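Accompanying notes for the structure given below.
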Amino acid sequence: MSSAQPYLNALVMSPHGKCIPYAGDGLMRADGNANYGFKNLKIKPDLIETIPELAADADLKSLVSSLNAHPNFFSTGCFSQCISKSQEENLDEKQSDRVYHYCRGYIELAFNCSVHVQDAHNYFDLFFRFDSFLRQHHFPQAVKFDWQLEKAYFSEANVGGFSCAIFIRTVASPSLETATLGWQRSLQILETFFKSIPNQFTVGIYQLLAIAP
């Protein structure tokens, strides 16, 4: 049975784990991504201007800024990339290479609460809320949202729990403008969604920490 929605919203549990904060070497990998390390925008929001992944993506930058301004959340990583590829079709001699475009990336976040961050069910609830939010707003873009929960140790608070990365990928399109629009609209609907979440937590992971300058 096919879905009437042009988008796909899914959730999986990653077998990996990480320590937050984490260091990065800044070396570019084969997939075009690089690890620049964790930046604590909850404590030092001005550091957003130093994050290379956000230099050319205003919508991702806006989403990251909004997440860290919300009492419930903080960001732990991000990335974006638009790709153009040539797709060879050898059906007959008259057909030539065709170029298609898509955008991909992710935003990773965690609950800024030393209690709620320990329970993966709180992320499940967030996922289901977003799924309903997409339906209520009749989200029209052909994109895929992949929520990946991962075990995490928040060393500055001495708390074990989970982080969540939301991977986004637009459908392949013959138009770069269409792919870019799908990417932008996806980030914008995520930002609108997170802004709609009420402030529910009081035991902030970074709220009472004394972070050295």
Counting only protein heavy atoms and leaving out ligands, DNA and RNA, the solvent-accessible surface of Asp131 at a 1.4 Å probe, in Å² to the nearest 10, equals 30 Å²
At a Förster distance of 35 Å, what's the computed FRET efficiency of Lys151 paired with Ser196, Cβ-Cβ distance as r, to 0.05?
-> 0.80
Net length gained if the chain between Met13 and Asp125 were fully extended (0.36 nm per residue, minus Cα distance) = 38.9 nm
Obtain the nm distance between the two label points defined at Ala58 and Gln118 by a simple spin-label model: each point lies 7 Å from its Cα along the Cα-to-C-beta direction.
-> 4.4 nm
For the stretch 117-181, give the percent of accessible area contributed by carbon and sulfur heavy atoms, probe 1.4 Å, rounded to a whole number.
-> 55 percent
Tell me, what is the 1.4 Å probe accessible area of Asp125, in Å² to the nearest 10?
-> 80 Å²
Amide H partners (placed H, <5 Å) of Ala152, local residues excluded = Lys18, Gly161, Phe162, Ser163
Which whole-number percent gives the relative contact order of the stretch 83-192, counting Cα pairs below 8 Å spaced six or more residues apart?
-> 32 percent
Accessible area in square angstrom per residue, the stretch 43-82, 1.4 angstrom probe = 42 Å²
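The values are calculated or read from the model by the stated rules, or taken from the named source; none is laboratory data. Keep in mind that what you see is a predicted model, and the values were worked out from it rather than measured. In this analysis, Cβ positions are derived from the backbone assuming ideal geometry, glycine residues included, and neighbour counts consider all displayed protein chains. All accessible areas refer to the heavy atoms of the entire protein, side chains included, with ligands and DNA or RNA removed. Shrake-Rupley method; radii C 1.70, N 1.55, O 1.52, S 1.80 Å.
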